[in-house]
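Novice: Take a look at the following structure, please.
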Amino acid sequence: MTALSKAQTQRLSPAIRLIIFVVCYLLISFSYLQIPDETLAHTVYYHGVTRVCADVINGLFPKESVAAFQNVLVSGQANLQIVRGCDGSGALFLLVSAIIAFPASVCWKLVGLVTGASLIYLINLIRIGGLYFIVVYRTDWFQLVHVYLAPSLIIILVCLFYAWWTGNTKTLAHGQ
Amino acid sequence: MANNSLLPLSVKALVIWLVLSGLGFYFQEAIGLALLPCFEVAVRMLAPGFSSSLKILQQNHDYVIELYVRLLQAVPVSSKLAFPAGKEFTASTHLMHALVPIVIEMTVLLTWPVPRFSQRLFLVAAGLVSALLICLLTTPTLLLGLIEINFQEAALSLNVIRPEPLVLTWMVYCEMGARWLLPVIAAIGCVCLQSLSIKTNKQTSVLNN
């Protein structure tokens with residue numbers, strides 16, 4: 001990117017940045033909806049979510065004997081299915097769009113994307129692992145955590161990560 | 001934002017989130033009952049072909065919002081099949097699910113650093129109005145989308161591709177994550193509105209002096 005185009009990028013008004021943010025979000029969301037359910041369930045969720053979750057739970061709590069079958073975490077006591085939208089994608093798309101829309105260097109944006117995506121992935125694994133234990137030991141808490149506490153907490157954590165990321169962008173800009 | 005202010009801000013955000021979540025949980029029925037008339041108006045506006053009513057029911061430990069609709073006119077699913085007028089459907093969603101956008105938006109607005117209490121009040125007032133609008137954009141459409149799924153499934157069982165109604169497309173978008181986008185956008189909008197009002201006030205006072 002030339003110095004001129006960098007300056008032009010920095011000068012974009014907040015309203016235009018907000019539009020970029022929303023358009024990016026809609027485009028990413030639309031692309032995500034084009035992925036067939038089978039691909040998500042059999043490949044993405046199996047390799048990326050259920051198998052990892054099962055390994056972690058079995059590693060920490062061997063008595064649970066959890067197995068991953070496609071997009072389902074199965075044990076003798078619970079059967080937890082991961083479906084589209086339960087993969088942290090909503091929070092990830094928000095963060096990716098917000099990072100793209102913010103005036104920062106490409107390098108710092110890449111740092112934000114990789115760190116943010118890793119953080120959301122980790123939080124989501126903790127959420128799914130936690131939900132497994134809730135299904136097993138506190139079934140009546142499931143809806144409270146699944147539909148109410150977990151989604152709002154993830155978004156708040158993503159907002160805080162974004163505040164940290166934007167704050168360090170400024171620090172870098174002053175330092176240069 | 002300076003790095004040294006991030007830790008107190010994070011603690012503040014988490015405390016506010018916890019308090020708001022607790023309040024939302026304990027007062028969910030009262031909040032739901034207050035929102036219900038607005039939801040009913042929204043449902044009637046979005047689906048004039050249905051006679052509808054909404055109620056809050058307790059299911060085990062949870063509250064759900066249940067939408068009951070009766071078709072006022074036949075709904076064609078294919079050239080061979082139509083749901084006749086008078087056919088009834090119900091759809092429901094967890095009341096807590098409807099409150100999530102409010103918790104997210106109000107947490108952001110109560111955490112957002114402002115120097116004066118009057119500015120905080122402005123953010124809260126603007127936040128409550130926009131949160132109501134978001135609830136109207138998400139919950140009634142979710143319930144109507146669930147009703148529409150009945151028609152889509154009937155068409156699918158006949159190997160007929162029924163065009164997806166706008167309310168169903170919107171519902172899918174919301175449930176895939178736009179439900180979280182809306183409160184964040186609304187919170188940003190409230191902060192921008194507040195900055196604008198401060199600028200306008202400053203300009204007015206400069207002109208008066």
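Novice: Treating the angle as unsigned and between 0 and 90°, give the value, to the nearest 10°, between the Cα long axis of helix B:117-157 and the longest Cα principal axis of chain B.
Specialist: Its long axis makes an angle of about 20 degrees.
Novice: Pop the C-beta distance of B:Tyr26 and B:Ala125 into the FRET formula with R0 = 25 Å and round what comes out to the nearest 0.05.
Specialist: Working from the Cβ atoms, E equals 0.65.
Novice: Determine, from the Cβ-Cβ distance of B:Ser5 and A:Asn58 and an R0 of 51 Å, the FRET efficiency 1/(1 + (r/R0)^6), rounded to the nearest 0.05.
Specialist: Calculated value: 0.80.
Novice: Could you work out how far helix A:150-175 tilts from the main Cα principal axis of chain A, as a 0 to 90 degree angle to the nearest 10?
Specialist: The two axes meet at around 30 degrees.
Novice: Which whole-number percentage describes the relative contact order of chain A, with Cα contacts under 8 Å and a sequence gap of 6 or more?
Specialist: Normalised by residue count, the contact order of chain A is 21 percent.
Novice: Which value, in debye to the nearest 20, describes the size of the charge dipole of the stretch A:17-176 about its Cα centre when Lys and Arg Cβ atoms bear +1, Asp and Glu Cβ atoms bear -1, and nothing else is charged?
Specialist: 400 debye
Novice: How much length is gained on full extension from B:Ile56 to B:Ile161, taking 0.36 nm per residue of separation minus their Cα-Cα distance?
Specialist: Residue separation times 0.36 nm, minus the Cα-Cα distance, leaves 34.4 nm.
Novice: State the number of lysine pairs found in the protein assembly as shown whose Cα atoms come within less than 21 Å, restricting to pairs 8 or more positions apart or on distinct chains.
Specialist: Within the protein assembly as shown, the lysine pair count is 4.
Novice: How large is the charge dipole for chain B, taken about the Cα centre, if only the Cβ atoms of Lys, Arg (+1) and Asp, Glu (-1) carry charge, to the nearest 20 debye?
Specialist: With only Lys, Arg, Asp and Glu charged at Cβ, the dipole is about 600 debye.
Novice: Which whole number gives the average, over all residues in A:79-85, of C-beta atoms from other chains lying within 10 Å of the residue C-beta?
Specialist: Shielding by partners across A:79-85 averages 1.
Novice: How many angstrom lie between the Cα centre of the stretch B:1-76 and the Cα centre of the stretch A:105-161?
Specialist: Distance between centres, Cα-based: 21 Å.
Novice: If one takes the longest principal axis of the Cα atoms in chain A, at what angle in degrees, from 0 to 90 and to the nearest 10, does the Cα axis of helix A:106-137 lie?
Specialist: Taking the Cα atoms of chain A, the angle to A:106-137 is about 20 degrees.
Novice: Also, I was wondering about something else. Calculate the mean, over all residues of peptide A:155-168, of how many other protein chain Cβ atoms lie within 10 angstrom of the residue's Cβ.
Specialist: 5
Novice: Further question: Ignoring everything except DSSP H segments at least 4 long, calculate the 222 nm mean residue ellipticity for chain A; use -39,500 (n - 2.57) per segment, divide by total residues, nearest 500.
Specialist: Calculated from helices alone, the mean residue ellipticity at 222 nm is -21000 deg cm²/dmol.
Novice: According to a simple spin-label model (label point 7 Å from Cα along Cα-to-Cβ), what is the distance in nm between A:Phe133 and A:Ser65?
Specialist: 2.1 nm
Novice: Something else now. In whole percent, what relative contact order does chain B give with Cα contacts below 8 Å and a gap of six or more residues?
Specialist: Relative contact order comes out at 19 percent.
Novice: Taking the Cα centre of the protein assembly as shown as the origin and placing charges on Cβ (Lys, Arg +1; Asp, Glu -1), which of B:Gln73, B:Ile16, A:Leu18 is farthest toward the positive end of the dipole?
Specialist: The Cα lying farthest towards the positive end belongs to A:Leu18.
Novice: Another question, then. Tell me what chain B gives for mean residue ellipticity at 222 nm when only DSSP H runs of n ≥ 4 count, each as -39,500 (n - 2.57), the sum divided by the residue total, rounded to 500 deg cm²/dmol.
Specialist: Taken over chain B, the calculation gives -23500 deg cm²/dmol.
Taken together, the values in this text are just the output of simple stated rules run on the coordinates, not laboratory data. None of these values were measured; they are calculated from a predicted model. For neighbour counting, all protein chains shown are included, and Cβ atoms are generated from backbone atoms with ideal geometry for every residue, glycine included.
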